[in-house]
Amino acid sequence: MRTAIFAHRGSKANRPENTLAAFEEAARVQSDGIELDVHLTKDQEVVVMHDEKVNRTTNGTGQIKQFTLRDLQELDAGSWFSGNYRKEKVPTLKEVLELLSDYSGVINIELKTDRNVYPGIEERVVRIVDAYRANLPVVYSSFNHESLIRLKKTDASAEVALLLWERLAEPWRYTQQVGATAQHLWEPSAFSDTAKQLHQHNIKVRAWTVNKPKHMQLAFQMGLDALITDYPEVALDLRKSYETAGKKLH
Ligand code: G3P
Ligand code: MG
């Protein structure tokens, strides 16, 4: 089984995370999947950013939920990373999906509802995905599993994945109970017997955030379903070498 490569927050290592420039790069290198994080603004728009606050990745301060979309998009979301990206804005989910309309890989939308609940975000996200990504692969994930249950109530056919730091006892039971088809596990938890247990129950395992080449290699050897990395291009090259080396053995 081939391990898919998902680009974490776009191509986080060499572009400002969660910006259109980062997603463009992830698509350019042909990542199998692209992970991004979503929140709600004060005026209920779904926007893409990692933190609840704008402080780290823009030139502004404060919580996303206190900004209207218009005010949020006045901010510079690229200069903190490099002057070359000073024109980057905080994108909406719609803008990202429009940019990636020709991208046939998986888009992994992480609902950042673990600190702020953002009432109604699940319905809003599903509505946008229906409008902008119908019939193309999407996986929803969250550390807030109630959010995933709410999302499944809105769209029973949605593919959802539990985000977890820790290993669970009999991990398949809880996963099935939530209606998820995958666990997205912190890498030390993914590189354990849990992966085998989940696979025995047809549950996918995707590890985050796998940045070291030797860990990427381990993910390939273990047959994990995906690794989520800040270095998609490195991982894709490494997988090519790994597959070529494997073929030579036969
Ligand atoms: O979805 C995997 C990973 O993104 C979870 O952690 O904090 O980078 O969103 P974080
Ligand atoms: Mg994330």
Inset, instruction - For A169, work out the one condition from (1) in a loop (DSSP other than H, G, I, E, B); (2) within 16 Å of ligand 2 (Cβ to nearest atom); (3) of a type in the set (G, A, S) it doesn't fulfil. - result: (2)
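So, in the stretch 140-174, how many residues would count as being among the β-branched types (V, I, T) and either more than 16 Å from ligand 1 (Cβ to nearest atom) or touching a Cys at 6+ places or on another chain (Cβ under 8 Å) (or both)? Lay out the reasoning, then the answer.
Applying the first criterion (among the β-branched types (V, I, T)) to the stretch 140-174 yields 149, 154, 160.
Now narrow it down to the ones that are either more than 16 Å from ligand 1 (Cβ to nearest atom) or touching a Cys at 6+ places or on another chain (Cβ under 8 Å) (or both): 149, 154.
Result for the stretch 140-174: 2.
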Legend entry - Selection within the stretch 152-184 - open to solvent by 90 Å² or more (accessible area, probe 1.4 Å) and among the aliphatic types (A, V, I, L, M): A169
Legend entry - Lone unmet requirement of (1) within 15 Å of ligand 2 (Cβ to nearest atom); (2) part of a loop (DSSP other than H, G, I, E, B); (3) surrounded by fewer than 22 Cβ atoms within 10 Å (Cβ to Cβ) for D37: (2)
Legend entry - Restricting the stretch 46-72 to residues that are crowded, with 21+ Cβ neighbours inside 10 Å and farther than 22 Å from A7 by Cα, the residue that is nearest to ligand 2 (Cβ to nearest atom): I64
Inset, instruction - Taking V106 as the residue in question, decide whether it is touching a residue at least 12 places away in the same chain (Cβ under 8 Å), surrounded by fewer than 23 Cβ atoms within 10 Å (Cβ to Cβ), within 16 Å of ligand 2 (Cβ to nearest atom) and β-branched (V, I, T). - result: yes
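When the residues of the stretch 12-33 are filtered to those that are within 11 Å of ligand 1 (Cβ to nearest atom) and open to solvent by less than 30 Å² (accessible area, probe 1.4 Å), which remaining residue is nearest to I107 (Cα to Cα)? Write out each step before concluding.
Restricting attention to the stretch 12-33, the residues satisfying the condition of being within 11 Å of ligand 1 (Cβ to nearest atom) are 12, 17-18, 33.
Subset that is open to solvent by less than 30 Å² (accessible area, probe 1.4 Å): 17-18, 33.
Numbers: E17: 15, N18: 13, G33: 6 Å.
Looking at residues that are within 11 Å of ligand 1 (Cβ to nearest atom) and open to solvent by less than 30 Å² (accessible area, probe 1.4 Å), I get G33.
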Legend entry - Test result for L93, under 20 Å from the mean Cα position of the chain (by Cα) and surrounded by 19 or more Cβ atoms within 10 Å (Cβ to Cβ): yes
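The values are calculated or read from the model by the stated rules, or taken from the named source; none is laboratory data. Because the structure is predicted, anything quoted here is derived from the model rather than measured. As a convention, Cβ positions derive from the backbone with ideal geometry for all residues, glycine included, and neighbour counts pool all protein chains shown. For accessibility, only protein heavy atoms count, side chains too; no ligands or nucleic acids. Shrake-Rupley method; radii C 1.70, N 1.55, O 1.52, S 1.80 Å.
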